[in-house]
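Participant: Supplied in structure tokens, the structure appears directly below.
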Amino acid sequence: MTPAMPRLKRRIVPSALSASFAYLARDVKLIESAGAQSVQIDVMDGHFVPNITVGPVVIQSLRKETAIFLDTHLMIENPLDFIAAFAKAGSNLLTAHWEACSDPLVVIREIKKLGVKAGMAIRPKTPADVLFPLLKELDYALVMTVEPGFGGQAFMPEMLDKVRILRQRIDEARLSCELQVDGGINRQTAGLAAQAGATSLVAGSAVFGAPDPVLAFRDLQKLVDLPAVGQVQ
């Protein structure tokens, strides 16, 4: 009998896009003290998405202040040209966008050569099946539940069908790929995304925009903790 894949624990991943950039290290340390195991850093270039955020130097500075898992989401054109710099800066995971890659598989393999985990994201208009050929090599598959570019947007419930499709595909193939959702995750939507099969849920304004980010993070984590997502037995 083929052994079952281990169960994947659901995790809330706070997004630093909604933190204070003037006190980024402070805010990341605060959320780490609350029990967060990772934090997402959104990298935007003003071309792939209509916003500009941070580059490798910010990640390098943040890495000096914390050992937390840095989940770097590259919302940029030509990610292959920049992955080495972001890996060297201290990223633990680099997630590129399928729409920005001329050859997504090449990007995934180049990321892994750099010794970090590889993710691939899809925008709301991109069908889930474009990720099917990549799942065996991916550490993370990311379904955007808002249009990438700005925090605080409303969750798009129709994206849950993509999450369900990818969950089924990952489970049937007995893969250990994490299934991440990003956008509009809050107390009302976190449970929906978890039930659809997400194991990594990115929350920005619902955490750092709350009066008490520590309490907000812990409350969201409790919402998705049980039962854990299981793969095909």
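The values are calculated or read from the model by the stated rules, or taken from the named source; none is laboratory data. Please read these numbers as outputs of a predicted model, since none were measured by experiment. Neighbour counts are summed over all protein chains in view; Cβ atoms, including those assigned to glycine, are modelled from backbone coordinates with ideal geometry.
Participant: Answer with yes or no whether Met75 is modelled with pLDDT of 95 or more, within 14 Å of the chain's Cα centre (by Cα) and over 17 Å from Asp27 (Cβ atoms).
Facilitator: Yes.
Participant: Name the residues in region 154-170 that are buried (at least 18 other Cβ atoms within 10 Å of the Cβ) and not in a loop (DSSP other than H, G, I, E, B), would you?
Facilitator: Matches in region 154-170: Met159, Leu160, Lys162, Val163, Ile165, Leu166, Arg167, Arg169, Ile170.
Participant: Consider region 81-118. How many of its residues are among the aliphatic types (A, V, I, L, M), crowded, with 16+ Cβ neighbours inside 10 Å and part of a helix (DSSP H, G or I)?
Facilitator: Here the count works out to 7.
Participant: Of all residues in region 180-203, how many are closer than 27 Å to His47 by Cα and either surrounded by fewer than 24 Cβ atoms within 10 Å (Cβ to Cβ) or free of Cβ contacts under 8 Å to residues at least 60 places away in the same chain (or both)? Show your work before the answer.
Facilitator: Here is the first cut: in region 180-203, the ones closer than 27 Å to His47 by Cα are 180-185, 200-203.
Narrowing further to those that are either surrounded by fewer than 24 Cβ atoms within 10 Å (Cβ to Cβ) or free of Cβ contacts under 8 Å to residues at least 60 places away in the same chain (or both): 181, 183-184.
Going through region 180-203 one residue at a time, the tally reaches 3.
Participant: Can you find, within region 133-153, the residue that is modelled with the lowest pLDDT among those that are hydrophobic (A, V, I, L, M, F, W, C) and surrounded by fewer than 20 Cβ atoms within 10 Å (Cβ to Cβ)? Walk me through it before giving the result.
Facilitator: Looking only at region 133-153, we keep the residues that are hydrophobic (A, V, I, L, M, F, W, C), and these are 134-135, 138, 141-144, 146, 150.
Still in the list and also surrounded by fewer than 20 Cβ atoms within 10 Å (Cβ to Cβ): 134-135, 150.
Working: Leu134: 98, Leu135: 98, Phe150: 74.
For region 133-153, the residue satisfying everything is Phe150.
Participant: Something else about it: From the list Gly55, Gly35, exactly one residue is of a type in the set (Gly, Ala, Ser), surrounded by fewer than 18 Cβ atoms within 10 Å (Cβ to Cβ) and closer than 28 Å to Ala100 by Cα. Which is it?
Facilitator: Result: Gly55 is the single residue among Gly55, Gly35 that is of a type in the set (Gly, Ala, Ser), surrounded by fewer than 18 Cβ atoms within 10 Å (Cβ to Cβ) and closer than 28 Å to Ala100 by Cα.
Participant: If you don't mind, another one. Just to check your reading of the model, which residue among Ser20, Ser61 is within 20 Å of Ile185 (Cα to Cα), exposed (fewer than 15 other Cβ atoms within 10 Å of the Cβ) and modelled with pLDDT of 95 or more?
Facilitator: Among Ser20, Ser61, only Ser20 is within 20 Å of Ile185 (Cα to Cα), exposed (fewer than 15 other Cβ atoms within 10 Å of the Cβ) and modelled with pLDDT of 95 or more.
Participant: Then there's this: Applying the selection to region 95-115, what residues are under 28 Å from Leu30 (Cα atoms) and touching an Asp or Glu at 6+ places or on another chain (Cβ under 9 Å)?
Facilitator: Thr95
Participant: Another question, if that's okay. With respect to Lys125, is the statement that it is surrounded by fewer than 21 Cβ atoms within 10 Å (Cβ to Cβ), among the basic types (Lys, Arg) and more than 30 Å from Glu65 (Cβ to Cβ) true? First the steps, then the outcome.
Facilitator: On the way: surrounded by fewer than 21 Cβ atoms within 10 Å (Cβ to Cβ): yes; among the basic types (Lys, Arg): yes; more than 30 Å from Glu65 (Cβ to Cβ): yes.
It is true that Lys125 is surrounded by fewer than 21 Cβ atoms within 10 Å (Cβ to Cβ), among the basic types (Lys, Arg) and more than 30 Å from Glu65 (Cβ to Cβ).
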